[in-house]
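A short write-up of the structure that comes next.
The values are calculated or read from the model by the stated rules, or taken from the named source; none is laboratory data. Predicted model only: the values in this text are computed from it and were never measured. Reconstructed Cβ throughout: ideal geometry from the backbone, glycine too, with neighbour counts over all protein chains shown. When the accessible area is computed, the model is the full protein with side chains, heavy atoms only, and any ligands, DNA or RNA have been set aside. Shrake-Rupley method; radii C 1.70, N 1.55, O 1.52, S 1.80 Å.
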Amino acid sequence: MIEFLRRRLVRPVVEQLTQGLSPDAIALTIAVGLAIAVIPVVGTTTILCTTAAIVLRLNQPLIQAINYLSFPLQLAFILPYLKLGRLL
């Protein structure tokens with residue numbers, strides 16, 4: 001049963017996310033997506049990730065997946081960013 005789910009569900013998703021990418025390109029996509037995803041302005045990260053992916057020719061589904069999965073991290077960083085801004 002687990003092998004069936006892995007073959008029918010997990011493998012196609014992973015193949016779609018990594019389609020035609022080298023390990024370096026995957027790492028760059030994850031790094032750029034995560035760096036943009038923690039920007040504390042809620043709602044702008046999707047546009048910024050899309051723009052970065054187009055300009056840098058990165059995998060669009062992967063960078064958006066990283067962006068959406070990092071949303072809790074973005075919310076967690078809002079208060080520290082506000083405190084840092086007040087300090088500056």
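PRO40 versus (1) of a type outside the set (Val, Ile, Thr); (2) free of Cβ contacts under 8 Å to residues at least 12 places away in the same chain; (3) assigned to a loop (DSSP other than H, G, I, E, B): which is the lone unmet condition?
(2)
Please verify whether region 63-77 includes one or more residues that are in contact with a Cys (Cβ under 9 Å, 6 or more places away or on another chain) and free of Cβ contacts under 8 Å to residues at least 12 places away in the same chain.
no
Within region 32-45, work out how many residues are at pLDDT 90 or above and open to solvent by less than 60 Å² (accessible area, probe 1.4 Å).
Going residue by residue through region 32-45, those that are at pLDDT 90 or above are 32-39, 44-45.
With open to solvent by less than 60 Å² (accessible area, probe 1.4 Å) added as a condition, the list becomes 32-33, 36-39, 44-45.
The qualifying residues number 8.
Only residues in region 13-28 that are at pLDDT below 85 count as the first member; pair them with residues that are open to solvent by 100 Å² or more (accessible area, probe 1.4 Å) and assigned to a helix (DSSP H, G or I), Cβ under 6 angstrom, at least 6 apart or cross-chain, and list the lot.
Pairs found: none.
Can you tell me which residues in region 46-60 are over 9 Å from the mean Cα position of the chain (by Cα) and open to solvent by less than 60 Å² (accessible area, probe 1.4 Å)?
Here is the first cut: in region 46-60, the ones over 9 Å from the mean Cα position of the chain (by Cα) are 46-48, 50-60.
Correct list: THR46, THR50, ALA52, ALA53, LEU58, ASN59.
Which residues, counting only those in region 61-86, are over 30 Å from LEU21 (Cβ atoms) and crowded, with 16+ Cβ neighbours inside 10 Å?
Once the filter is applied, which keeps residues that are over 30 Å from LEU21 (Cβ atoms) and crowded, with 16+ Cβ neighbours inside 10 Å, region 61-86 yields nothing.
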